[in-house]
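A.B. asks: Provided herewith is a single structure, encoded as C-alpha cells, for subsequent inquiry.
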Amino acid sequence: MSNSSLPCVVAGPILRHVSQQSVTVWLVTSHSNAASLTVSAQQTVAGQCESHQIRVGECAYIQQITMVMTDPLTPGKLYEYAISFADSEVQQQWQKELPALLYENQHALNFRLQTTLSNVLHGSCRKPHHPVDDALLRVDSLIAEENEQTPRPDMLLMTGDQVYCDDVAGPMLQAVEQVVERLGLFHEDVDGAVIENTAQLNAHPSNYYEREKLLPQIELNTALSKLFFGAKKKPVFTSTNAHNHLISLSEVIAMYLLVWSDVLWKDITLDKTRVAEKYQSQFADEQSAIEAFAQGLKRVRRALAHIPVYMIFDDHDVTDDWNLTRGWEEQVYGNPLSRRMVGNALIGYWLCQGWGNQPNKFDAILTAAKQQFTDQGLQNHDDFIDTLLDFEHWHYTLNTSPPLCVLDTRTRRWRSESSLNKPSGLMDWEALCEFQQEIIGKKSVIVVSAAPIYGVKFIEAVQKIFTFFGKALTVDAENWMAHKGTANVILNIFRHYKTPPSFIILSGDVHYSFVYDVRLRFSRNSPHITQFTCSGLKNTFPDKLLQKLETLNSWLYGRRSPLNFFTRRRQMSIRPRALEEKGADTLLNHSAVGQLILQSDEEPVICRALCGDQDTVEFPPGHDSD
C-alpha cells in the first residue's frame with residue numbers, strides 16, 4: 001500500500017502535557033519519518049527532543065514527541081512550536097498542510113503555559129451521532145478570540161467518554177472501515193468468535209447493526225434469567241447499543257482518527273445501500289448527524305493543537321459498564337473475545353489518550369510496545385493486553401496551583417465480596433488512601449472524577465432500589481455512594497481536618513450539567529467544596545425524563561426533607577446552584593463544555609456552561625436550597 005496519496009499528518013498535532021520543564025505533542029503520520037519538535041519565543045528555546053513512534057498500520061504511525069527544556073519555560077508567555085521531518089519531501093508536504101491549523105494572522109502553532117490556574121475548561125461524553133451541536137467548537141472560538149483582556153483558557157480537561165467504542169452509528173462504522181483499509185491498519189486473529197480474523201468483519205452479514213450476534217454470550221443458569229432474556233444465553237457485554245460495537249484494535253484506532261481530525265473524512269463515502277433495507281432509514285438519520293459532526297472537525301483539530309489537553313477514561317472509551325460489578329468482570333475477562341475487545345480499547349486509550357498525560361509514567365509500557373508492535377502488527381497481543389490490565393497508574397497529578405488530581409475510577413475498583421451483582425466502589429481503599437496522601441495539607445485542590453461524587457439524590461435512590469434486586473447493570477448504578485466502603489472513605493476524606501479548605505470537583509458522565517456547593521454540617525471549619533458537573537460535549541439526557549427526575553428530587557429531597565437523613569451524605573449540606581434566569585431549575589440539559597473561573601480564595605468560583613448552540617449559561621452562587 002502506498003502513502004503517496006495520503007496527507008503527511010492524518011491526525012493531530014494535539015498539544016498534551018505542558019510544564020515548565022517539558023512540552024509533549026501527539027500526532028499520527030502516514031509515513032515512518034520521525035517527527036521532531038522545536039519551541040521558540042522570538043528565539044529557539046534550548047532543549048532535548050525525545051521522539052517515539054508506534055506503527056499501527058502499513059501507512060499509520062502514532063508519534064509522540066517531548067521536548068525537555070534546558071531552562072524552564074515562563075508561565076503566561078506565548079510560545080510557538082514547530083513540528084518538522086528530516087525528509088525534505090515529507091517536510092514540504094507538511095508545510096502545505098500546516099496553514100489549515102493556524103488562526104488568522106498566525107504564522108506558527110502556539111501555546112501558553114499557565115502554572116497558576118484561573119480559567120479551566122472541562123467536558124465529557126462526545127458521541128458523534130447524537131443530534132446536538134459539538135460543544136468542543138466553543139474551545140476553538142475562545143482561542144480565536146484571545147486578546148490581552150481575554151486570554152485563552154489554561155487547559156482543556158476531557159473527563160471521560162472521548163470516544164464511544166460500544167455505541168457506533170452505521171455511517172461511522174462505514175467510515176471506520178474505510179480508514180482501516182486506506183491506512184492499512186493491522187488486522188488480528190481472534191479466538192472465541194464466529195470469525196477467525198478481523199479482516200473478515202466487513203463481509204459478515206451481521207457487520208452492520210447486528211454485531212451483538214458476533215459478540216460473546218454465556219449460558220444462563222437460572223429460570224429467572226432465562227425468562228428475563230427470553231433465551232438460553234445472554235450477552236456478555238451490557239451495552240444496550242452494541243449493534244455496531246468496535247471489535248478490533250484497528251477499528252478503535254480508526255475511531256480516534258475520525259473523532260479528532262477532519263483529514264481522512266474528505267475521501268470517505270457513506271452509502272446506505274450497503275446496509276440491510278430495514279436499517280436504511282436509521283442509517284440516513286445518523287448520516288445527517290455524522291456529516292454535521294465531521295464538518296466541525298477542522299476547528300476541533302485546530303483548537304486541540306493550541307491548548308494543553310489532558311484526558312482520562314470512563315466506561316464508553318472501552319465499553320458500557322466497564323468493571324461495574326465483580327460478576328461483570330468475571331464474565332468479560334473470562335471470555336477470550338470480550339477480554340480481547342476490552343484490551344483493544346485499552347490499548348487505543350493508552351496510544352491516543354493516556355500516554356500524553358504524563359509520558360514518563362509509561363516508560364515500561366512504551367518499552368514493551370516497541371518490542372511487540374512490529375511491521376506485521378502487534379505480536380503477543382494478549383500479553384500486551386495483560387500488561388495494560390495490570391497497570392495501576394492511569395491516575396495523575398499536575399503540579400499546578402492549585403494542584404490538579406485526576407482520578408482513575410475504572411480500574412482500581414472496590415469489589416463487593418457479598419454479591420456478584422452489587423456495584424463495585426469507584427476506587428478501592430488503597431487507591432483512596434493514596435489520593436488522600438496526595439492532597440492532605442494542601443491549601444486548595446482541583447479533583448477530576450469522571451462520575452460526580454455528589455449526585456442527584458433521587459436518581460441515586462432509584463439506582464439503589466434496582467441494586468437491591470440485583471439489577472445494578474439495568475440502571476447503570478455507577479455512583480460514589482453505591483458502595484458503602486468507597487462512600488465512607490471518600491466522605492471521611494472531606495471530613496478530615498487536614499483536607500484542603502478549598503476543594504473543587506470537576507466531573508461529567510451523566511449527560512446533564514449542575515453545580516453543588518457542599519459544606520459539613522455542624523462544623524466551624526468546613527472545607528469549601530464546589531462540584532461542577534458538565535456533560536456532555538455532544539450528548540444529552542432525555543429531556544422530559546430529566547425534568548420529571550428533577551421535580552421528584554426537589555419534592556423528596558428538598559432542603560428540609562427528612563429523607564436527607566437516610567442518605568450517606570446526611571452530615572453534609574449540599575446546595576445546588578440555580579441556573580441563571582431559569583428560576584428554581586438546577587439541571588442543565590444541553591451539550592456544553594464547562595468553564596471554571598478561579599478567583600481569590602475569599603470569592604466563590606464561577607461556573608459556566610458554554611453550550612454547543614452558542615448559548616452561555618452561568619450557575620451563580622448563593623442558591624439557598626438543599
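The values are calculated or read from the model by the stated rules, or taken from the named source; none is laboratory data. Just so you know, these numbers come straight off a predicted model, no measurement behind them. Cβ sites come from the backbone with ideal geometry, for glycine too, and all protein chains shown count toward neighbours. These area figures cover heavy atoms from the full protein model, side chains too; ligands, DNA and RNA do not enter into them. Shrake-Rupley method; radii C 1.70, N 1.55, O 1.52, S 1.80 Å.
A.B. asks: Given the conditions (1) more than 21 Å from the chain's Cα centre (by Cα); (2) over 23 Å from C125 (Cβ atoms); (3) touching a residue at least 40 places away in the same chain (Cβ under 8 Å), and given that R340 satisfies all but one, which numbered condition is not satisfied?
C.D. replies: So the condition that R340 fails would be (1).
A.B. asks: Working only within segment 318-373, note down all residues that are in a loop (DSSP other than H, G, I, E, B) and either within 30 Å of N399 (Cβ to Cβ) or not β-branched (V, I, T) (or both).
C.D. replies: Of the residues in segment 318-373, the ones in a loop (DSSP other than H, G, I, E, B) are 318-324, 334-335, 353, 357-358.
Answer for segment 318-373, where residues must be in a loop (DSSP other than H, G, I, E, B) and either within 30 Å of N399 (Cβ to Cβ) or not β-branched (V, I, T) (or both): V318, D320, D321, W322, N323, L324, G334, N335, Q353, N357, Q358.
A.B. asks: Can you tell me how many residues in segment 28-65 are part of a strand (DSSP E or B), polar (S, T, N, Q) and surrounded by fewer than 21 Cβ atoms within 10 Å (Cβ to Cβ)?
C.D. replies: 8
A.B. asks: Based on this model, can you work out whether N207 counts as open to solvent by 10 Å² or more (accessible area, probe 1.4 Å) and among the polar types (S, T, N, Q)?
C.D. replies: When the stated conditions are applied, N207 does not pass them.
A.B. asks: Can you tell me how many residues in segment 38-79 are of a type outside the set (S, T, Y) and within 30 Å of L185 (Cα to Cα)?
C.D. replies: Here the count works out to 16.
A.B. asks: While we're looking at this one, here's another question. Please pick out the residue among L183, L201, L220, L246 that is in contact with a helix residue (DSSP H, G or I) (Cβ under 6 Å, 6 or more places away or on another chain) and modelled with pLDDT of 90 or more.
C.D. replies: Working: L183 fails: in contact with a helix residue (DSSP H, G or I) (Cβ under 6 Å, 6 or more places away or on another chain); L201 fails: in contact with a helix residue (DSSP H, G or I) (Cβ under 6 Å, 6 or more places away or on another chain); L220 fails: modelled with pLDDT of 90 or more.
Step by step, each of L183, L201, L220, L246 is checked, and only L246 is in contact with a helix residue (DSSP H, G or I) (Cβ under 6 Å, 6 or more places away or on another chain) and modelled with pLDDT of 90 or more.
A.B. asks: Within segment 396-424, can you find the residues that are of a type in the set (A, V, I, L, M, F, W, C) and surrounded by fewer than 21 Cβ atoms within 10 Å (Cβ to Cβ)? Walk me through it before giving the result.
C.D. replies: As a first pass, look at segment 396-424 and keep what is of a type in the set (A, V, I, L, M, F, W, C): 398, 404-407, 414, 420.
Selection gives C405, L420.
A.B. asks: Would you be able to say whether some residue in segment 515-529 is open to solvent by less than 20 Å² (accessible area, probe 1.4 Å), among the aromatic types (F, W, Y) and within 16 Å of the chain's Cα centre (by Cα)?
C.D. replies: no
A.B. asks: Return the pair list, or none, for Cβ contacts closer than 7 Å from residues in segment 81-108 that are without any contact (Cβ under 8 Å) to a residue 40 or more places away in the chain and more than 17 Å from A303 (Cβ to Cβ) to residues that are outside any loop (DSSP other than H, G, I, E, B) and open to solvent by less than 50 Å² (accessible area, probe 1.4 Å), at least 6 apart or on different chains.
C.D. replies: These pairs meet every condition: Q91/S84; Q91/F85.
A.B. asks: A follow-up question, please. Which residue is most open to solvent (accessible area, probe 1.4 Å), if the candidates are limited to segment 72-101 and must be farther than 28 Å from N147 by Cβ and not in a helix (DSSP H, G or I)?
C.D. replies: Per the criteria, the residue is A86.
A.B. asks: Moving to a separate point now. With the requirement that a residue be buried (at least 21 other Cβ atoms within 10 Å of the Cβ) and either small (G, A, S) or in contact with a strand residue (DSSP E or B) (Cβ under 8 Å, 6 or more places away or on another chain) (or both), what does segment 495-504 give you?
C.D. replies: P500, F503, I504
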